[in-house]
1. To make sure I understand, if each residue's beta carbon is the centre and we count other beta carbons within 10 Å, what order do Ile105, Ile82 fall in, fewest to most?
2. Looking at the chain only, what percent of DSSP beta bridges run antiparallel? Nearest 5 please.
3. Just the number, please: Stokes-Einstein D of the chain in µm²/s, Kirkwood Rh from C-alpha pairs, 4 °C, 1.567 mPa s.
4. If you take the Cα atoms of the stretch 1-68, find Rg, then find the Kirkwood Rh from the mean of 1/r over all pairs, what is Rg/Rh?
Amino acid sequence: MDAPPQGYYKLNTDVACFANGMIGMGGVVRDVGDVLVATCHKMRGSFGADISKVVAARHSLGIALDASFNRLILEYDNLKLIQHLKDERSDNTPFSLIVKDILHITHTCQHINFVHVELIMTRHTLARIMRKCVCG
């Protein structure tokens with residue numbers, strides 16, 4: 001995970017679904033120097049991959065914004081989500097309604113950029129943390 005430009009914060013988020021019916025969500029916010037915030041949340045549920053990923057992004061963005069990180073770069077490997085956010089696309093599907101909520105909460109940002117990335121190492125670390133949070 002490369003550092004963001006000076007004055008910006010980079011958010012990476014992920015979700016993991018487990019056989020016990022739990023979903024683990026995690027996020028890491030970092031600045032040019034180091035990781036500033038890491039979050040982990042669990043919930044019971046059986047959602048498809050798209051819904052699970054958009055819920056994880058919404059959760060992590062909410063934590064970052066509550067911590068007053070308002071110059072954000074959201075990096076995520078879910079191209080569908082990134083395209084919907086960039087295009088501000090919405091319809092009446094559950095996925096799009098959560099996208100609409102994400103767009104609503106990010107209007108408080110001074111700057112928000114949505115970037116598609118390939119699988120990154122930090123996500124594997126997040127998945128291990130989430131497994132302990134959910135299963136441990």
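1. Numbers: Ile105 15, Ile82 18.
So the ranking, lowest neighbour count to highest, is Ile105, Ile82.
2. Expressed as a percentage, antiparallel bridges in the chain total about 65.
3. 87 µm²/s
4. That ratio is 1.04, to two decimals.
Every read-out reported here was derived from the displayed coordinates using simple, explicitly stated rules and does not represent laboratory data. Keep in mind that what you see is a predicted model, and the values were worked out from it rather than measured. Counting neighbours? That spans all protein chains shown, and the Cβs are built from the backbone with ideal geometry, glycine included.
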